[in-house]
Every structure is written in structure tokens, then in C-alpha cells.
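Read the structure below first, then the notes.
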Amino acid sequence: MLTLDSTITSLHKVGRTIASRLKKIDINTARDLLFYFPFRYNDFGQTIKISELKADTLANVIGEIELIQNKRSKFKRLNITEALIKDETETVKVIWFNQPFLAKTLKVGETISLAGKVSEQ
């Protein structure tokens with residue numbers, strides 16, 4: 001029977017490899033795992049308009065896809081997916097790295113919610 005003081009390896013699907021990774025962050029028992037909390041929490045519950053975005057801030061935007069396409073980087077072997085997202089106030093360019101499947105998954109005209117760090121290009 002498992003208790004809070006059971007070793008981490010006694011948990012289902014936790015073998016030596018995962019246990020060694022958990023040990024690096026000082027998780028040795030079920031109690032340690034249960035009381036391990038993230039060091040950072042980003043609340044993306046509040047959405048803002050694209051026209052209100054500011055550089056170097058975290059934001060959540062809801063908009064419609066105007067254009068989406070894949071590109072290949074010249075310098076590295078990187079796939080770059082770029083999209084133009086618009087709401088009723090403005091349009092913003094969005095970039096994903098090494099996720100070319102997004103151009104097939106996301107379609108022009110779809111409404112999506114995006115969360116992340118805003119930067120100027």
C-alpha cells in the first residue's frame with residue numbers, strides 16, 4: 001500500500017530514469033511530489049485587445065487567423081511558422097519555431113486564443 005512516505009519508485013510508471021530526474025529537484029517520496037509546486041505561475045485568464053499589447057509583457061489575445069504559412073530559416077535548420085492574427089482593433093504577427101504542423105492544423109478564418117510573451121521585431 002502506498003503512503004506519503006513511499007519512495008518515488010514505488011509509484012506507477014516511475015522507473016529508475018524518471019526517479020533520477022526527480023531526485024535532481026529533491027523529490028524522493030510521494031509526499032515530496034505532492035507538495036512540489038511550480039516556481040512560476042502565469043495567469044492567462046484575462047484577454048486583451050491587440051492594439052493594447054506592449055513589448056516584453058505576457059499577454060493573452062483572441063483573434064482570427066488571416067494568413068498562416070511555413071518558412072525555412074536560412075541560418076539554422078529551423079522551421080518557422082508565421083501567422084497574421086486580427087481582432088476588431090489591430091493585426092499582429094505571430095511566430096512559432098519548429099512546429100510546421102500548425103500550418104496544416106490551423107486554418108484561415110479560425111478564431112484562436114494565443115498566450116505568451118510579446119516582443120517587437
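The values are calculated or read from the model by the stated rules, or taken from the named source; none is laboratory data. The structure displayed is predicted, hence computed values, not measured ones. With ideal geometry, Cβ positions are generated from the backbone for all residues, glycine too; neighbour counts draw on all protein chains shown. Just the protein is used for accessible areas: all its heavy atoms, side chains included, with ligands, DNA and RNA removed. Shrake-Rupley method; radii C 1.70, N 1.55, O 1.52, S 1.80 Å.
The listed residues TYR41, TYR36 rank as TYR41, TYR36 when sorted by accessible area, largest first, using a 1.4 Å probe.
For Rg/Rh (Cα atoms, Kirkwood Rh), computed directly from the structure shown, the correct entry in (i) 0.93; (ii) 1.16; (iii) 1.07 is (ii). Could you check how much of the accessible area of the chain is carbon and sulfur, as a whole percent, using a 1.4 Å probe? Ligands and nucleic acids excluded, carbon and sulfur give 54 percent.
Summarising the label geometry, the points placed 7 Å from Cα in the beta-carbon direction at ASP43 and LYS117 lie 2.1 nm from one another.
Only the Cβ atoms of Lys and Arg (+1) and of Asp and Glu (-1) were treated as charged; on that basis the dipole of the chain about its Cα centre amounts to roughly 920 debye.
The residue list THR111, PRO100, LEU84 was ranked by how far each Cα lies along the charge dipole of the stretch 82-121 toward its positive end, using unit charges on Cβ atoms, and PRO100 comes out on top.
So which of LYS13/LYS107; LYS23/LYS93; LYS13/LYS117; LYS23/LYS76; LYS49/LYS71 end up more than 30 Å apart by C-alpha? Over 30 Å Cα-Cα: LYS13/LYS107; LYS23/LYS93; LYS13/LYS117; LYS23/LYS76.
Among the protein heavy atoms, those of LYS49 account for about 80 Å² of accessible surface (1.4 Å probe, every chain in place). Placing +1 on the Cβ of every Lys and Arg and -1 on the Cβ of every Asp and Glu, with nothing else charged, gives the stretch 70-121 a dipole about its Cα centre of roughly 540 debye.
Taking other residues whose beta carbon is less than 13 angstrom from the beta carbon of ILE50, and scoring Lys, Arg as +1 and Asp, Glu as -1, yields -2.
Each Cα pair under 8 Å and six or more residues apart adds its sequence gap; the mean of these over the residue count of the chain is a relative contact order of 23 percent. Between LEU2 and ALA55, the modelled labels are 4.8 nm apart [label points 7 Å from Cα along Cα→Cβ]. Separation of the stretch 1-49 and the stretch 70-98, taken as the distance between their Cα centroids, equals 34 angstrom.
Computed from phi, the 3J(HN,Hα) profile of the stretch 64-76 under the Karplus parametrisation 6.51, -1.76, 1.60 (θ = phi - 60°) reads 9, 6, 8, 8, 8, 7, 9, 9, 10, 6, 6, 8, 10 Hz, with x in place of Gly and Pro. Remark: the chain carries 79 Å² of accessible area per residue (probe radius 1.4 Å; ligands, DNA and RNA excluded).
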